[in-house]
1. Could you run through the range 38-51 and say how many residues are out of contact with any Gly (no Cβ under 9 Å at 6 or more places or on another chain) and among the hydrophobic types (A, V, I, L, M, F, W, C)?
2. Say we look at the range 110-127 and pick out the residues that are buried (at least 19 other Cβ atoms within 10 Å of the Cβ) and of a type in the set (S, T, Y); which of these is farthest from A332 (Cα to Cα)?
3. Of all residues in the range 319-336, count the ones that are out of contact with any strand residue (DSSP E or B) (no Cβ under 9 Å at 6 or more places or on another chain), of a type outside the set (K, R) and surrounded by fewer than 18 Cβ atoms within 10 Å (Cβ to Cβ).
4. Sort out which residues of the range 314-330 are more than 20 Å from the chain's Cα centre (by Cα) and either in a helix (DSSP H, G or I) or under 22 Å from P268 (Cβ atoms) (or both), and write them in order of number.
5. Go through (1) within 23 Å of I187 (Cβ to Cβ); (2) under 23 Å from the mean Cα position of the chain (by Cα); (3) among the charged types (D, E, K, R) one by one and return the number of the condition E77 breaks.
6. Take the residues of the range 43-97 that are touching a Pro at 6+ places or on another chain (Cβ under 9 Å) and β-branched (V, I, T): which is nearest to A241 (Cα to Cα)?
7. Look at F161 and say whether it is buried (at least 20 other Cβ atoms within 10 Å of the Cβ), part of a loop (DSSP other than H, G, I, E, B) and either touching a residue at least 40 places away in the same chain (Cβ under 8 Å) or at negative phi (or both).
Amino acid sequence: MSTIKYPVYRPDLSGNEKKYVNECLDSTWISSKGKFINEFEEKFAGYIGVRYAASVSNGTVALHLALITLGIGPGDEVIVPSFTYIASVNAIAYTGATPVFADSDQNTWQIDTSGIRKLITPKTKAIMPVHLYGHPSDMDAIMLIAKEFGLFVIEDCAEAFGSKYKDKYVGTFGDISTFSFFGNKTITTGEGGMVVSNDKTLYDRSVHFKGQGLAKYREYWHDVLGYNYRMTNICAALGLAQLERADSTISAKRELAEKYIANLQNLPVEYQKETPDVFHTYWMFTIMLVDPETRDGLRESLAAKGIETRPSFYPVHTMPMYSAKYVKLPVAEYLGWRGINLPSYPGLNEKDILYITDAIKGYFNA
């Protein structure tokens, strides 16, 4: 296999990341206390326009924390798209609740809101839309259904930091929302996440649970079963530096998507289009092959030219631990068998995109 020339993702750490991390080291505040934690939380909340933000150690625990904050547990059901990264579903299972799989919309690849109502039972407690690959879900429809049936909404924004639905940032619609800052996310802390809400009670509960259930007014007294889900000061320092350049990073990713789209015309591929009333941040530029049988061959051909790719997410309802009850979700399966994530980091230039897209054209024209 050829040496990787173009990885799927590469974080840009050219801002104040090193400066802030060195400040942590010099101060010796390297764990879950230090000035960067509060500053990152406050500025993150301010950026997306939400009242409260609680930093955590990764995006998966952010989801788990959001669920337990809402009191979701055994006997409850949570509606979630099957076409998503498995963390969305695993977090539901961690609580003892049951994930109920929804299909996807063919055009946006997001949860199919037209099918949600038929999935609701007396056990349903929440809907978890996932803003997949940076494109927002149809939040008007989701919030309408949630209000009609008295359900919570948990937004999984792991892949959609900076995306907007009708000029409002994702993460500000639901009762509680989560973000991931893994190394391949639009802004990164290496490992990290955030739980946000406009509800102070939910915020206070999330802070309580993430810090080992420590009582607020009694030192080393724990009054709930808590978790160690805290972010370190070093990670927060990275996040703050990344947040300072978030707008330019998002602009670069949108320009990257435009270049891909312009150079992939007249090929047997589809891509995620930005629908009206949304602002798409194109976390990963992903193509869907008209013929799924060509996916492995195309990936092997690109790898030989030093271009790393990865498949789109396999539908979670088809995985062994979630497939005991047979469900047929045709759109999720269509998307899961055909998708390829292409290199999607802001440092790619016009020449790089031409190299990658010419390699794709060469495969289909061979």
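The values are calculated or read from the model by the stated rules, or taken from the named source; none is laboratory data. All figures in this text were calculated on a predicted structure; none of them were measured in a lab. Quick reminder, even Gly has a Cβ in these numbers, built from the backbone with ideal geometry, and neighbours come from all protein chains shown.
1. Here the count works out to 1.
2. T124
3. Residues in the range 319-336 being out of contact with any strand residue (DSSP E or B) (no Cβ under 9 Å at 6 or more places or on another chain), of a type outside the set (K, R) and surrounded by fewer than 18 Cβ atoms within 10 Å (Cβ to Cβ): 7 in total.
4. T318, P320, M321, Y322, P330, listed by residue number.
5. (1)
6. Out of the qualifying residues, it is T84.
7. For F161, the condition - buried (at least 20 other Cβ atoms within 10 Å of the Cβ), part of a loop (DSSP other than H, G, I, E, B) and either touching a residue at least 40 places away in the same chain (Cβ under 8 Å) or at negative phi (or both) - is met.
This table checks each residue for (1) aromatic (F, W, Y); (2) under 18 Å from the mean Cα position of the chain (by Cα); (3) farther than 27 Å from M194 by Cα; (4) crowded, with 20+ Cβ neighbours inside 10 Å.
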residue	(1), (2), (3), (4)
Y227	yes, no, no, no
A237	no, no, no, yes
Y282	yes, yes, no, yes
V290	no, no, yes, no
S312	no, yes, no, yes
